[in-house]
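First up is the structure itself, then whatever we jot down about it.
The values are calculated or read from the model by the stated rules, or taken from the named source; none is laboratory data. Treat the numbers as computed from the prediction; the structure is a model and nothing was measured. Cβ: placed from backbone, ideal geometry, glycine included. Neighbour counts: every protein chain shown.
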Amino acid sequence: MDLIYFDNAATTSIYPEVIEAMRDTLHEDFGNPSSVHAAGRSAKAKVESARKYIAKQMGVLPKEIIFTSGGTEGDNTVMHAASHQLGIRHFISSPIEHHAVLHILEHMAKQGQIHLDLVKVLPSGLPDMDDLKRLLRNSDEKKMVSLMHVNNEVGTLLDLEAVGNLCHAHNALFHTDSVQSIGHFPLDFGSLPVDFAVASAHKFHGPKGIGFSYIKKNTGLSGIILGGSQERGMRAGTEAVHNIVGMETAFHVLYQRMEADALYLKELKTYCLDQLQAAFPGTTFNGASGDIKKSTYTIVNARLPMDEKKAKLLAFNLDLQGVCCSKGSACQSGSEGGSHVLQNLLSAEQNKAPSLRFSFSAYNTKKEIDRLIAILVDYAKS
């Protein structure tokens, strides 16, 4: 039985070119980038070459790119540093953010370090801009807004320019978790009103355990992981050169094929939406995932018209049939509490129906979607 992998929002397979580049680096550039001898200088050159290339693609300066272990570290670092170093006391976020943002903000609020407000969200998964404006206007504290660019469960796309301009008009810094968008959309942070953003390589066919943060120059942020002077003092610790090279290589590959992949995936997503509705009349799509213009082309979050009894075993049955997908985000699919995103977007009655997230890569095919539909139809009839 061939595996059908429809969980690319959780993680992606690694490009073959990435594996090859990492293998070569492990063999040839094993030196410590902080060492001044030839082996160290060679490793350092690889790190800085990757930084320059990624910065160029992001439209920013190399010094504004800081390598991290991924999105969670990046989000946590920005929140901690903004509070402790910049004196930010008022944070505004939303109840459907990734827990990498929500949990750290809730923790700091519980400790009495910050005041946290959660903006209202619309059924589409977008923030209520009037409510955001109200929260900003009524605050006289130093403040930061954190809203994700692409929601990892329902795929809703945030207008970074509109939100960033509103934040800056009220003297608020703007952080966006861009883990689900970097590598899928061409982004120019140099021209966007964004102060902080994060990325994770394993979301765009790179290795796990590596990512980067964009920290706009002159924000005053400094590192919170102390030790050596790596990453210009922003993040101490010997750099994982092979992972950094792997991430850079993934960037090279994806930027060569981004336009073609986007066209292909938009067609694939549209096909999935159409086939689900044809096979299951009454299917609804959570958030904006059913609207190709308002959501990422990689995510479909479908609520199927099945009874509660069928709903409980649906994901388990799909797994037995070789279909990898998610009931919510991968971080939440094993949680008894279910998806906090869907709990905020849907009513209790709506949440009784099974919701499944299918997330695609360019390696997926219409034939796989046809097999998915056949499995779902057979299960519904059983």
(request) Give the residue that is surrounded by the most Cβ atoms within 10 Å (Cβ to Cβ), with candidates limited to residues of the stretch 334-375 that are more than 24 Å from the chain's Cα centre (by Cα) and among the acidic types (Asp, Glu). (result) GLU368
(message) Given the criteria among the hydroxyl-bearing types (Ser, Thr, Tyr), without any contact (Cβ under 8 Å) to a residue 60 or more places away in the chain and closer than 24 Å to LEU342 by Cα, does SER94 qualify?
(response) yes
(request) Check PRO62, PRO16, PRO33 and return the single one that is buried (at least 20 other Cβ atoms within 10 Å of the Cβ) and either over 21 Å from the mean Cα position of the chain (by Cα) or over 30 Å from THR176 (Cβ atoms) (or both). (result) PRO33
(request) Scan the stretch 168-200 for residues that are over 24 Å from LEU105 (Cα atoms) and either in contact with a Pro (Cβ under 7 Å, 6 or more places away or on another chain) or assigned to a strand (DSSP E or B) (or both) and jot them down. (result) PHE185
(message) What's the number of the only condition in (1) in a strand (DSSP E or B); (2) modelled with pLDDT under 95 that ASP2 fails to meet?
(response) (1)
(request) Scan (1) of a type outside the set (Lys, Arg); (2) out of contact with any helix residue (DSSP H, G or I) (no Cβ under 7 Å at 6 or more places or on another chain); (3) at pLDDT 95 or above; (4) outside any loop (DSSP other than H, G, I, E, B) for the single condition ASP291 breaks and write down its number. (result) (4)
(message) Go through (1) more than 21 Å from ALA10 (Cα to Cα); (2) free of Cβ contacts under 8 Å to residues at least 40 places away in the same chain; (3) part of a loop (DSSP other than H, G, I, E, B) for LYS217 and report which single condition fails.
(response) (2)
(message) Among the residues of the stretch 87-104, are any in contact with a Gly (Cβ under 7 Å, 6 or more places away or on another chain) and under 30 Å from GLY164 (Cβ atoms)?
(response) yes
(request) Report yes if ASN76 is in the same structural domain as ILE373 (by TED's automatic domain parsing) and either touching a residue at least 60 places away in the same chain (Cβ under 8 Å) or surrounded by fewer than 20 Cβ atoms within 10 Å (Cβ to Cβ) (or both), otherwise no. (result) no
(request) Say whether the condition of being crowded, with 21+ Cβ neighbours inside 10 Å, closer than 21 Å to LEU147 by Cα, charged (D, E, K, R) and touching a strand residue (DSSP E or B) at 6+ places or on another chain (Cβ under 6 Å) is met by at least one residue in the stretch 195-203. (result) yes
(message) If LYS110 satisfies all but one of (1) under 14 Å from MET79 (Cβ atoms); (2) among the charged types (D, E, K, R); (3) surrounded by fewer than 22 Cβ atoms within 10 Å (Cβ to Cβ); (4) in contact with a Ser or Thr (Cβ under 9 Å, 6 or more places away or on another chain), what's the number of the condition it fails?
(response) (4)
(request) For residues that are outside any loop (DSSP other than H, G, I, E, B) and in contact with a strand residue (DSSP E or B) (Cβ under 7 Å, 6 or more places away or on another chain), scanning just the stretch 234-250, find the one that is nearest to THR12 (Cα to Cα). (result) ILE244
